[in-house]
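Only one structure is covered here, and it is reproduced in the block below.
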Amino acid sequence: MRNPATPGAVIESAELVLPLLPPRDLAAAASACRAFRAAAAAVTTRRAADAARGLEPLPIPFHNRVDSKPYAYFLYTPFSLARLSPGAQPWGGSGTRAPVPTWPRPSLDGFPSAVCGCACEAEECGGPRCACADAEADAAGSGSEAGMGSLRECGDECACGPACGNRRTQRGVAVRLRVVRDAHKGWGLHAAEALGRGQFVCEYAGEFLTTEEARRRQRLYDELASAGKFSPALIVIREHLPSGKACLRVNIDATKVGNVARFINHSCDGGNLQPVLVRASGSLLPRLCFFSARDIEEGEELTFCYGDARVRPNGLRCFCGGLGCCGVLPSEET
């Protein structure tokens with residue numbers, strides 16, 4: 001049996017423990033000894049190489065030529081969750097593993113779902129005869145917020161599999177992206193390859209919240225953001241139902257738990273991404289997904305309009321640089 005005090009045992013222990021630590025604790029552990037310092041540096045390098053922690057089909061690296069921050073720390077989820085699993089999420093370990101598939105998505109505990117109405121055969125699913133398929137609707141037709149389209153896809157009860165053409169948003173981030181640091185805006189999401197118009201980029205993943213919890217968190221976030229050192233990522237989606245007498249409100253908070261969409265910055269001019277509400281057959285809650293609104297060049301920052309529900313005089317400054325920039329980031333009326 002190896003002596004627990006030997007350098008090899010220390011390094012093995014570090015490789016198990018350090019990937020579980022947040023940045024502050026990782027820095028404290030690095031000061032313990034030379035072996036921990038080297039192991040912590042390796043963890044930091046691996047974290048900076050992939051914001052998605054291997055949970056997406058492609059790595060999404062951080063790039064920072066502005067300051068000394070190598071990465072942004074948060075818990076990663078490829079899809080929105082109704083309940084969080086307890087426990088730490090390892091990030092930056094030396095072990096290599098295949099990405100966790102984002103399909104099929106787990107059921108959302110506490111949220112009811114309907115039965116899929118798709119009666120087509122597996123080979124027809126997603127084709128012109130597929131009952132789940134639906135062309136993208138404009139904002140007026142979908143009943144969603146202005147500027148937002150809608151899309152229907154096959155769901156878990158359909159006969160088709162993940163390769164179905166009517167599941168284009170369910171296979172994770174399949175385009176090359178990078179998270180880039182800006183002196184004014186902080187982190188932002190950039191295209192690391194050229195994207196064609198209408199190409200799926202990513203969905204907005206985080207925690208599904210009740211309206212009561214969303215309002216409570218927004219009050220807290222507003223207070224913290226007023227100090228100028230906090231950037232919340234809570235988004236509110238309102239979808240007017242066909243009857244016109246009710247509105248479905250979906251709250252997604254990616255502040256602490258989310259995916260790379262949390263880095264997409266606001267553009268007062270509308271941005272180059274089109275937000276689309278995607279509902280899979282059999283699912284009650286829609287997902288917010290982003291498609292390229294036009295051809296996007298490699299290296300271009302990805303942005304969309306957060307909305308114009310409320311502009312606060314003392315709100316966070318906007319640095320989008322657009323011709324129509326109002327100087328302050330919009331804030332949802334929660």
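Here is how the numbers come out for the structure above:
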{"read-out": "Within region 56-69, considering residues that are assigned to a loop (DSSP other than H, G, I, E, B) and within 19 Å of the chain's Cα centre (by Cα), the one nearest to Ile252 (Cα to Cα)", "value": "Glu56"}
{"read-out": "Residue match in region 92-110 (condition: surrounded by 15 or more Cβ atoms within 10 Å (Cβ to Cβ) and at pLDDT 70 or above)", "value": "yes"}
{"read-out": "Qualifying residues in region 189-234 (those that are in contact with a Pro (Cβ under 9 Å, 6 or more places away or on another chain) and charged (D, E, K, R)) - the one farthest from Leu151 (Cα to Cα)", "value": "Asp222"}
{"read-out": "Members of region 189-202 that are surrounded by fewer than 23 Cβ atoms within 10 Å (Cβ to Cβ) and in contact with a Ser or Thr (Cβ under 8 Å, 6 or more places away or on another chain)", "value": "Gly196, Arg197, Gly198, Gln199, Phe200"}
{"read-out": "Residue in region 201-235 that is farthest from Val250 (Cα to Cα), counting only those that are assigned to a strand (DSSP E or B) and among the aliphatic types (A, V, I, L, M)", "value": "Val201"}
{"read-out": "Candidate set: region 248-264, residues that are in contact with a Phe, Trp or Tyr (Cβ under 8 Å, 6 or more places away or on another chain) and part of a strand (DSSP E or B); chosen: the one farthest from Tyr76 (Cα to Cα)", "value": "Val250"}
{"read-out": "Cross-chain or 6+ apart pairs with Cβ under 6 Å, region 185-210 first and touching a residue at least 12 places away in the same chain (Cβ under 8 Å), then assigned to a strand (DSSP E or B) and among the acidic types (Asp, Glu)", "value": "Gly188/Asp182; Gly188/Glu301; His190/Glu301; Gly206/Asp253; Glu207/Asp253; Leu209/Asp253"}
{"read-out": "Of residues in region 273-297 being outside any strand (DSSP E or B) and at pLDDT below 95, the one surrounded by the most Cβ atoms within 10 Å (Cβ to Cβ)", "value": "Ser281"}
{"read-out": "Test set (1) at pLDDT below 95; (2) within 20 Å of Tyr204 (Cβ to Cβ); (3) aliphatic (A, V, I, L, M) - Ile60 fails condition number", "value": "(1)"}
{"read-out": "Condition check for Arg53: in a loop (DSSP other than H, G, I, E, B), farther than 30 Å from Leu285 by Cβ and charged (D, E, K, R)", "value": "no"}
{"read-out": "Failed item, numbered, when Arg167 is tested on (1) among the basic types (Lys, Arg); (2) surrounded by 16 or more Cβ atoms within 10 Å (Cβ to Cβ); (3) not in a loop (DSSP other than H, G, I, E, B)", "value": "(3)"}
{"read-out": "Pairs where the first residue, in region 247-260, is more than 27 Å from Leu58 (Cβ to Cβ) and the second is among the acidic types (Asp, Glu), C-beta under 7 Å, 6+ apart", "value": "Cys247/Glu239; Leu248/Glu239"}
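The values are calculated or read from the model by the stated rules, or taken from the named source; none is laboratory data. Small disclaimer: the values here were computed from a predicted structure and weren't measured. All Cβ positions, glycine included, derive from the backbone under ideal geometry; neighbour counts span all protein chains shown.
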